[in-house]
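Everything on this sheet refers to the single structure shown next.
Taken together, the values in this text are just the output of simple stated rules run on the coordinates, not laboratory data. Keep in mind that this is a model prediction, so the values were computed, not measured. Methodologically, a virtual Cβ is constructed for each residue, glycine included, from the backbone with ideal geometry; neighbour enumeration extends over all protein chains shown.
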Amino acid sequence: MSTDALSRLLESRDWLLADGATGTNLFNMGLSAGEPPEFWNVDQPDNIRALYRGAVEAGSDIFLTNTFGGNASRLKLHQAQGRVHELNRIGASLARDIADAAGRPVVVAGSVGPTGEIFVPMGTLTHAAAVEMFHEQAEGLKAGGVDVLWVETISAAEEYRAAAEAFALAGMPWCGTMSFDTAGRTMMGITSSSMAEMVETLANPPIAFGANCGVGASDLMRTVLGFTAIGSARPIIAKGNAGIPKYHDGHIHYDGTPELMGEYAVLARDAGVRIIGGCCGTMPEHLKAMCAALESRPKGPVPTLEDIGAKLGGFSSASDGTGDTSGDPKRERRGRRG
């Protein structure tokens, strides 16, 4: 048996349900735009407990801490770069309490988001500085009692590598997802196949890897099929948004219904995904529908792109970012060749 809690769960189960949105849930509780959610770990702990409890009660086997922007670079925007350890430790310890009271094994994953900076030579962030930032955050999460570190919404391979190195320094197991939102690529041009290959070159590879956020559930599923096509034996993570964001009445609303997210969860499982959750717009009612669908519907064949489009809606771009893109005029016009 493996030593860490996540690997033990993966050994005993075909699929695990992750959690949903952090931001969407907290905005519904009154978080104002521009306010760092991490401050609420100290200032509004009951709301953070409610966020965590909502995921556990909906059936999540894994949930992420409210620490996505808890690195020195992001917190510096609010003159709080000196609070990295405190905000991460407290966000994690609140999560630990909720998980320990669940009455079943629930994994606490320490959420680590991007630094928000661009690496040299295009930007100013060096590898050493990124490792130091991620390591500082990891130590706070570790002190708070997380089971695993979880880097997410990454778009640059360099940043993913820096996180891997930092987590080795912290002596913690980890998972890591990237966000594929530009015609099947990350903002920095990474494709699903290049990520799957990059993960295997790391000195400290993740327990599981995959995709989160991005455009909608259809696009995320297409990315997942790109991972499985590489034939990685490593567990795959899918955390898709609840539909597509629509702006009305002064706020962003995600149009994905609980039923749609149930379909997405089953498609992800049938595609071979082991850890299935939601990202932006995913509320406890979506998670409940996902859990019910996964538990009640028998495993089916690996879905085709046609199956995915029919059940989740069309794709946002003609290309998934891999292979020959010469026939894709949108990519030609932007001048970036595949």
Next item on the list: Could you please state, rounded to a whole Å, how far the C-alpha centre of region 180-194 is from the C-alpha centre of region 94-148?
Entry: 23
Next item on the list: Fewest Cβ neighbours within 10 Å first, please rank 56, 42 accordingly.
Entry: 42, 56
Next item on the list: Would you kindly state how much longer the chain becomes between residue 97 and residue 122 on full extension, computed as 0.36 nm times their sequence separation minus their alpha carbon distance, in nm to one decimal?
Entry: 4.8 nm
Item checked: Largest-first principal axis extents, alpha carbons of region 157-196, Å -> 36, 14, 14
Notebook entry, point to check: Which residue, 12, 111, 192, has the most motion in a Gaussian network model of the chain that connects Cα atoms within less than 10 Å?
Noted result: 12
Next item on the list: Can you check what the Kirkwood hydrodynamic radius comes to for region 1-59, Cα pairs only, in Å to one decimal?
Entry: 13.4
Note to self: Compute for region 179-338: radius of gyration divided by Kirkwood radius, i.e. Rg/Rh, restricted to C-alpha atoms, rounded to two decimals.
What the structure shows: 0.97
Next item on the list: Report the label-to-label distance for residue 257 and residue 11 in nanometres (one decimal), using points 7 Å from each Cα along the Cα→Cβ vector.
Entry: 4.2
Next item on the list: Would you give the gap between the C-alpha center of region 259-299 and the C-alpha center of region 38-53, rounded to a whole Å?
Entry: 25
Check: Taking all pairs of different Cα atoms in region 46-113, averaging 1/r and flipping that mean, what Kirkwood radius in angstroms comes out?
Finding: 12.4
Checklist line | Reachable lysines, given that their alpha-carbon falls under 16 Å from the alpha-carbon of residue 239 and they are not under 8 places away in the same chain | finding: 288
Check: Over all pairs of distinct alpha carbons, what does the Kirkwood formula give as the hydrodynamic radius of region 2-159, in Å?
Finding: 16.0
Note to self: Quick check: convex hull over the Cα atoms of region 154-226, volume per residue in Å³, rounded to an integer?
What the structure shows: 74
Note to self: For 270, 43, 61, 249, which order do you get if you count the other beta carbons within 10 Å of each Cβ and list the fewest first?
What the structure shows: 249, 43, 270, 61
Item checked: Net charge of neighbours whose Cβ lies under 14 Å from the Cβ of residue 96, counting Lys and Arg as +1 and Asp and Glu as -1 -> +1
Margin query: What lysines does residue 246 reach when the alpha-carbon gap must be under 20 Å and sequence neighbours fewer than 8 apart in one chain are set aside?
Written below: 311
Notebook entry, point to check: What ranking do 174, 40, 150, 15 get, fewest neighbouring Cβ atoms within 10 angstrom at the top?
Noted result: 15, 40, 174, 150
Note to self: Using all alpha carbons of region 5-334, what is the percent of pairwise distances in each 10 Å bin, ordered from the shortest bin to the longest?
What the structure shows: 6, 28, 37, 24, 5, 0
Next item on the list: Please give the length that would be gained between residue 248 and residue 297 if that part of the chain were fully extended, namely 0.36 nm times their separation in residues minus their C-alpha to C-alpha distance (nm, one decimal).
Entry: 14.2 nm
Margin query: Treating only the Cα positions of region 188-249 as identical point scatterers, give the base-10 log of I(q)/I(0) from the Debye formula at each q in 0.18, 0.20 Å⁻¹.
Written below: -0.65, -0.76
